[in-house]
Amino acid sequence: MQIIDGKKVSANVKERVRLECERLVKEHGVTPGLAVVIVGDDPASRVYVNNKKKACELVGFKSEEYALPAETTQEELLSLVDTLNNKDDINGILVQLPLPKHLDDKSVIERISPKKDVDAFHAVNVGKIMLGEYDFLPCTPAGVMEMLHQYEIPVEGKQCVVIGRSNIVGKPMGMLLLHENGTVTICHSRTKNLKEVCQRADILVAAVGRAKFVTADMVKDGAVVIDVGMNRDENGKLCGDVDFENVKDKCSYITPVPGGVGPMTIATLMKNTIKACKIQNGIE
Ligand code: NAP
């Protein structure tokens, strides 16, 4: 059994982005810029935003933070998005979700220019992913693919089972595995015989949002298990969707929580932002 080290893979990706950023500054005089918008004071969102800012500093990007009060109106938020869409030194816009309940995140996402949509949530980018002709990949599923690549885990012809069908993780995860010729099954809360379906998986991705949901009896011997979940256990400790202690010895590879998929999401965001900068500036 080998533990997939998300911190190491993520550091490799960020180092590649840092070197590329250095080249853009030196050869083209452009510095990639990311704007992060946060509305309200959700503590988890605050941690994510701080981590994104830190990653920008590390790779040499310019980052701008727009921290808006919880009572911000839809019009005010859309107007900020319009301003950022027109700002030449900002290549990527990220609106931290979830937004306070009175705001409609769908229309906010649709207002972001698809060229600056580095989360790849805009319908245009989602459509491009379906077609396999994308500029940006959704950060978490693309981070998972990067881990599989760096550990040279083949996907082609493998039975891939994804538990979860959200727009930000499960669905695009299935699509990316399919693009690499996996045979993909996407499961959800109405799936019948979930245990039997999971037992067939060569690659099992859990994106459920329930602590220790995937138990040892659901995992085939030698499977690759990827845990996207970020939950709190009964003691308030961060844990994934997989019962790691009991599952790990059955796996060929497994990702831990923390230190697995989590760090990969930000690394992909950095990749998407530098790509956006290159596209917007016509740089190869
Ligand atoms: P979500 O929108 O709540 O989706 C959860 C999915 O799990 C749904 O499709 C749901 O099915 C399915 N599900 C729930 N109970 C189930 C059951 N008993 N059997 C089978 N399927 C079941 O969550 P999400 O946004 O995709 O996130 C999933 C997890 O990943 C969360 O823990 C989240 O915190 C974490 N996450 C981590 C990162 C990262 O960077 N590591 C990024 C994003 C999310 P239905 O569709 O039928 O309801």
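The values are calculated or read from the model by the stated rules, or taken from the named source; none is laboratory data. Keep in mind that this is a model prediction, so the values were computed, not measured. Here the Cβ is made from the backbone with ideal geometry for all residues, glycine too, and neighbour counts use every protein chain on show. Areas reflect the complete protein model, heavy atoms only, side chains present, ligands, DNA and RNA absent. Shrake-Rupley method; radii C 1.70, N 1.55, O 1.52, S 1.80 Å.
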Checklist entry - Given labels modelled 7 Å from the Cα in the Cβ direction, how far is it in nm from Asp41 to Lys53? => result 1.5
Next on the checklist: Given contacts defined as C-alpha pairs under 8 Å and at least six residues apart, what's the relative contact order of the stretch 136-178, whole-number percent?
Outcome noted: 52
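To the nearest 20 debye, what is the magnitude of the charge dipole of the stretch 185-254 about its Cα centre, counting +1 on the Cβ of each Lys and Arg and -1 on the Cβ of each Asp and Glu? The partial results should precede the final answer.
Numbers: 11 positive and 11 negative charges, 55 e Å.
Value, rounded to 20: 260 debye.
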Checklist entry - Mind checking the dipole of the stretch 124-228: about its Cα centre, +1 per Lys or Arg Cβ, -1 per Asp or Glu Cβ, Debye to the nearest 20? => result 600
Item to check | Label-point separation, Ser107 to Lys26 (7 Å along Cα→Cβ), nm | outcome: 4.8
Checklist entry - Where the accessible area of the chain is counted over protein heavy atoms with a 1.4 Å probe, how much of it, in %, is carbon and sulfur? => result 51
Next on the checklist: Going by Cα centres, the stretch 238-274 and the stretch 93-171 are how many Å apart?
Outcome noted: 16
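In Å², and per residue, what accessible area does the stretch 116-208 have when probed at 1.4 Å with the other protein chains present?
Values: 4200 Å² over 93 residues.
For the stretch 116-208, the solvent-accessible area averages 45 Å² per residue.
Relative contact order of the chain: what whole-number percent is it, with Cα pairs under 8 angstrom and at least 6 residues apart? Don't skip to the answer; put the middle values down first.
Values: 551 pairs, mean separation 63.3, N = 284.
Computed over the chain, the figure is 22 percent.
How high is the relative contact order of the stretch 22-127, in percent, counting Cα pairs under 8 Å that sit 6 or more residues apart?
On the way: 140 pairs, mean separation 32.2, N = 106.
Reported relative contact order: 30 percent.
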Checklist entry - Taking a spot 7 Å from the Cα of Asn86 along the direction of its beta carbon, which residues of the stretch 48-79 have an amide N less than 14 Å from it? => result 78-79
Item to check | Residue-level accessible surface for Arg165, protein heavy atoms, 1.4 Å, Å² | outcome: 110
Next on the checklist: Among Thr73, Gln199, Asn50, which residue has its Cα furthest toward the positive end of the charge dipole of the chain, with +1 on Lys/Arg Cβ and -1 on Asp/Glu Cβ?
Outcome noted: Gln199
Item to check | Surface accessible to a 1.4 Å probe, Cys239 within the full protein complex, Å² | outcome: 10
Item to check | Acute angle (nearest 10 degrees) that the helix 74-85 long axis makes with the longest principal axis of the chain, alpha-carbon atoms | outcome: 80
Checklist outcome for this item: Subtracting the Cα-Cα distance of Ala11 and Leu238 from 0.36 nm times their residue separation yields 79.6 nm
Checklist outcome for this item: Checked against the positive end of the charge dipole of the chain (+1 on Cβ of Lys and Arg, -1 on Cβ of Asp and Glu, about the Cα centre), the farthest of Tyr253, Gly209, Gly92 is Tyr253
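222 nm [θ] for the chain, helices only, -39500 (n - 2.57) per DSSP H run of 4+, per residue, to 500? Walk me through the numbers before you get to the answer.
Working: 10 runs with 115 residues, N = 284.
Mean residue ellipticity at 222 nm (helix-derived): -12500 deg cm²/dmol.
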Checklist entry - If the chain between Asn231 and Asn281 were fully stretched, how many nm would it gain, using 0.36 nm times the residue separation less the Cα-Cα distance? => result 14.0 nm
Next on the checklist: Restricting to bridges with both residues inside the stretch 193-284, how much of the DSSP beta-bridge set is antiparallel, in percent to the nearest 5?
Outcome noted: 20
Checklist entry - Looking at the square roots a ≥ b ≥ c of the eigenvalues of the Cα gyration tensor of the stretch 87-227, which shape do they give, rounded for a/c under 1.5, prolate if a/b is larger than b/c, or oblate? => result prolate
Checklist entry - Kirkwood hydrodynamic radius of the chain from all distinct Cα pairs, in Å? => result 19.5
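Label the stretch 230-284 by shape, choosing from rounded, prolate and oblate, from the square roots a ≥ b ≥ c of the eigenvalues of the Cα gyration tensor; if a/c is under 1.5 it is rounded, and otherwise prolate applies when a/b is larger than b/c, oblate when it is not. Show your work: numbers first, answer last.
Values: a/c = 6.56, a/b = 2.45, b/c = 2.67.
It comes out oblate by the Cα gyration axes.
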Checklist entry - Which whole-Hz ³J(HN,Hα) couplings does the stretch 212-221 yield from phi under the Karplus relation 6.51 cos²θ - 1.76 cosθ + 1.60, θ = phi - 60°, glycine and proline marked x? => result 6, 5, 8, 9, 4, 6, 9, 10, 6, 4
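What translational D, rounded to a whole number of µm²/s, comes out for the stretch 1-109 from Stokes-Einstein when the hydrodynamic radius is the Kirkwood one over Cα pairs, at 37 °C and 0.692 mPa s?
Working: Rh = 15.5 Å.
Once the numbers are plugged in, D ends up at 212 µm²/s.
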Item to check | Sites matching trypsin sites (Lys or Arg not before Pro) across the stretch 48-77 that sit in DSSP coil, with at most 12 neighbouring C-beta atoms within 10 Å | outcome: none
Next on the checklist: Keeping all protein chains in the complex and leaving out DNA, RNA and ligands, what accessible area do you get for His179 with a 1.4 Å probe, in Å² to the nearest 10?
Outcome noted: 70
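Loop-only check: which GluC sites (Glu not before Pro) in the stretch 107-155 are DSSP coil with at most 12 other Cβ within 10 angstrom?
Working: sites: Glu110, Glu133, Glu146, Glu152; in loops: Glu133, Glu152.
Answer in residue order: Glu133, Glu152.
What shape does the stretch 29-86 have by the C-alpha gyration tensor, where a ≥ b ≥ c are the square roots of the eigenvalues, rounded means a/c under 1.5, and otherwise prolate means a/b greater than b/c and oblate the rest?
On the way: a/c = 4.39, a/b = 1.29, b/c = 3.40.
Note, shape of the stretch 29-86 comes out oblate.
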Checklist entry - In debye, nearest 20: dipole of the chain around its Cα centre with unit charges on the Cβ of K, R (+) and D, E (-)? => result 360
Item to check | Residues whose placed amide H lies under 5 Å from that of Ala201, excluding near-sequence neighbours | outcome: Lys220
